[in-house]
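Beneath this line is the structure, given in structure tokens, with notes to follow.
The values are calculated or read from the model by the stated rules, or taken from the named source; none is laboratory data. What you are looking at is a predicted structure, and each value in this text was computed from that prediction instead of being measured. Methodologically, a virtual Cβ is constructed for each residue, glycine included, from the backbone with ideal geometry; neighbour enumeration extends over all protein chains shown. Side chains included, ligands, DNA and RNA excluded: accessible areas come from the protein's heavy atoms. Shrake-Rupley method; radii C 1.70, N 1.55, O 1.52, S 1.80 Å.
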Amino acid sequence: MSYLVLARKWRPKIFEEVVGQEHVVRTLQHALDNNRLHHAYLFTGTRGVGKTTLARIVAKSLNCENGVSSKPCNECKACTEIDEGRFIDLIEVDAASRTKVEDTRSLLENVPYKATIGRYKVYLIDEIHMLTGHSFNALLKTLEEPPSHVKFLMATTDPQKLPVTVLSRCIQFNLRAMDEHEISKQLRYILTQENIGFEIEALNGIARQSKGSMRDGLSLLDQAISYTKGNVRADLVRDMLGMVSDEYIFDLLKAIATVNALAALQTVEKMCERSIDFETALDDILLKLHDLSLMKIAPAVLNVRSKNLDELKRIDELMSPEDVQLFYQIGLIGKRDLPLAPRPQLGFEMVLMRMLAFHPNSAQISQASETLGEGVESPAATSTKPFQPARESMLPPTAAAQPKPASERLPPTVQHPHRPTQHRQVRTIENEEDWIQFVNYSNQLTGWTKIFASKVAFRGRSGNKIYLQPPAEQYTSITREQNRTNLLRDLRKVLGDDLEIIYSPGAKSTTTPEGRMARERREKLAAVRQQIERESIPKSLRKEFGAKIDSDSIRYPTLPKTVKKNEERWWKT
Ligand SMILES: [Zn+2]
């Protein structure tokens, strides 16, 4: 016997076998069992979701020799002939190939005559949106007053193109695209029945690639079975689909998080050798970024859904929530532009470079790349590099302790707004820059203590004494007492148990960590706005229609409500 492709072999023959369209199935079953049949049904939905499959089951239900019901026997002459596509009273038409009005007329000429052997004459018109206006008019007359022995079953991927006059004479069923889980489950079921070995991960990959179409999923599975010689293994399926191993995606994200351009490019090179599809790779990056942002908000959901959770956690520690959002946005825009790039690899690399360019630590790009060029440090090693105290800490403590206006005191290098790395552990605090890094970017302070500290400016350091300038409004507050105790506790962990904090009010102009953070965010936002304005509107649109970006609409993701509330409460106490 010749090999029957899975999509045909496993095409559902009864309503119960139809996957993912319960709402439609239930309504149809009810109509058939209660003899409340309309004369025209329209099935809409993307390709491969089961439109014509459902229509055929309806045709069987109508013509089964055992009577009209939602349970056709699948054994009688009518049922088997419909399954085999040779039932004389089921007239299947592909409208895409018969668009002309003459075609439609000749098709409809036979409508008045009774069914030859069946109970009903069933017209199954696929891709009906392809008909021309005249054809629709010809059809419309029949749809208005069809003989009782005729049923129309129509299918389309594009109902928008149908005239309302036609639409209003049909009962419309909208079939939904299937989700990956449903497709994967069905693939698993089929392979088990077929006694073919498989790895779940391989099926998940195929399901993802099918983009909601069961038919595509099954044809890919056919391919996979022959490609893997009958054992559907994940690594082979990945090769076949040009899919990306998670390993590469994590390597790329790590490279971005640690601002390591060279590592990113090397990974791309490796991917290229395995002829990986870069559009899929970009999708995978977006999916992982989505996981990362879930990790911060709803980790429980993630635990269920994601594998490689440990790997994800490691990346999570390297990226702030704002950066995750930013990279996601850049990735989305990059995905849109990818087809325009001279080569997919180039387009993909540009997206990565853009993420690196907008990274808060972008100033480190060259430096990080140089280090890697010597093959000395891996991306991970770069990221765990201990905090480097600025030059001043080399001076004896007394020299650094003289409080001076910040602008005079800071060496030019540390004034760069993009210096900090998120969650870097700080080992010492000798000057204002250290203080700002410590408060804003290490994770050694948390909660209210961190909020409090972010409003406190650094004044100097001398031996075991650190001079801080508290926010004036809060100087006598009781909650501040608590904050001060906590801050002292946390600072002692870093600077030693004998540390003392001396609070002294001072001039307002000193930079607080909060002020610095605000400035950095402003600068970053301005840069992103500029970039988006420059790149996201094609020149022609700008020229012809004067298209503009509303740059005010480009904003930072707003803070979670609880954080805002805490902050407000803090100021009120
Ligand atoms: Zn039957």
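At R0 = 51 Å, how high is the FRET efficiency between residue 485 and residue 231 if r is their beta carbon distance? Nearest 0.05 is fine. Working shown, then result.
Details: r = 64 Å, r/R0 = 1.25.
The pair residue 485/residue 231 has a calculated efficiency of 0.20.
Can you pull the percent of region 264-331's accessible area that's carbon plus sulfur, 1.4 Å probe, other chains left in place? It would help to have the intermediate numbers written out before the result.
Details: 1710 of 3340 Å².
Using a 1.4 Å probe with all protein chains present, region 264-331 comes out at 51 percent carbon and sulfur.
What full-extension length gain, to one decimal in nm, is calculated for residue 96 and residue 110 as 0.36 nm per residue of separation minus the Cα-Cα distance? List each step's numbers first, then the result.
Values: separation 14, 0.36 × 14 = 5.04 nm, distance 2.05 nm.
So the chain would gain 3.0 nm between residue 96 and residue 110.
Based on the Cβ-Cβ distance from residue 211 to residue 274, what FRET efficiency comes out when R0 is 22 Å, to the nearest 0.05?
So, using R0 = 22 Å, E works out to roughly 0.50.
Taking the Cβ-Cβ separation of residue 30 and residue 498 as r and a Förster radius of 60 Å, what is the calculated FRET efficiency to the nearest 0.05?
Result of the calculation: an efficiency of 0.15.
With a cut-off of 8 Å between alpha carbons and a minimum separation of six or more residues, what is the relative contact order of region 94-226 in percent?
Once divided by the residue count of region 94-226, the mean separation gives 21 percent.
Arrange the residues 550, 239 by how much accessible surface each exposes, largest first, with a 1.4 angstrom probe. Intermediate values should be presented prior to the final figure.
Details: 550 95, 239 65 Å².
The residues order as 550, 239, largest area first.
Tell me, what is the 1.4 Å probe accessible area of residue 290, in Å² to the nearest 10?
Approximately 80 Å² for this residue.
Please turn the phi angles of region 440-457 into ³J(HN,Hα) values with the Karplus equation 6.51 cos²θ - 1.76 cosθ + 1.60 (θ = phi - 60°), one per residue in order, whole Hz, x for glycine and proline.
Along region 440-457, the couplings run 7, 10, 8, 9, 7, 10, 9, x, 5, 4, 5, 4, 4, 4, 5, 9, 9, 9 Hz.
Using the structure shown, list the pairs from 77/100; 296/524; 51/151; 288/493; 51/77; 296/335 with a Cα-Cα distance above 27 Å, or answer none.
77/100; 288/493
Between residue 443 and residue 145, what length comes free when the chain is fully extended (0.36 nm per residue of separation minus the Cα-Cα distance, one decimal in nm)? Can you show the working numbers first?
Values: separation 298, 0.36 × 298 = 107.28 nm, distance 7.41 nm.
Gain on stretching residue 443 to residue 145: 99.9 nm.
Compute, for residue 100, the solvent-accessible surface of its heavy atoms (probe 1.4 Å) with the complete set of protein chains present, and express it in square angstrom to the nearest 10.
That residue has around 120 Å² of solvent-accessible surface.
So, in Å, what gap is there between the alpha-carbon centers of region 38-87 and region 212-252?
Spelled out, the Cα-based centre of one part sits 33 Å from the other.
Roughly speaking, what is the stretch gain from residue 313 to residue 46, that is 0.36 nm per residue apart minus the C-alpha to C-alpha distance, in nm to one decimal?
My answer for the length gained is 92.5 nm.
Of 44, 116, which has the most accessible area with a 1.4 Å probe, and how do the rest follow in descending order?
The most accessible residue leads, giving 116, 44.
Using a/c under 1.5 as the rounded threshold, could you call region 39-95 rounded, prolate or oblate? The axes a ≥ b ≥ c are square roots of the C-alpha gyration tensor eigenvalues, and prolate needs a/b larger than b/c, oblate otherwise.
It comes out prolate by the Cα gyration axes.
Mind grabbing the accessible area of residue 504 for me, 1.4 Å probe, Å², rounded to tens?
40
Pop out the ³J(HN,Hα) list for region 84-99 in order, Karplus 6.51 cos²θ - 1.76 cosθ + 1.60 with θ = phi - 60°, rounded to Hz; leave Gly and Pro as x.
With coefficients 6.51, -1.76 and 1.60, one gets 8, x, 9, 7, 5, 9, 9, 9, 9, 10, 9, 4, 4, 9, 9, 8 Hz.
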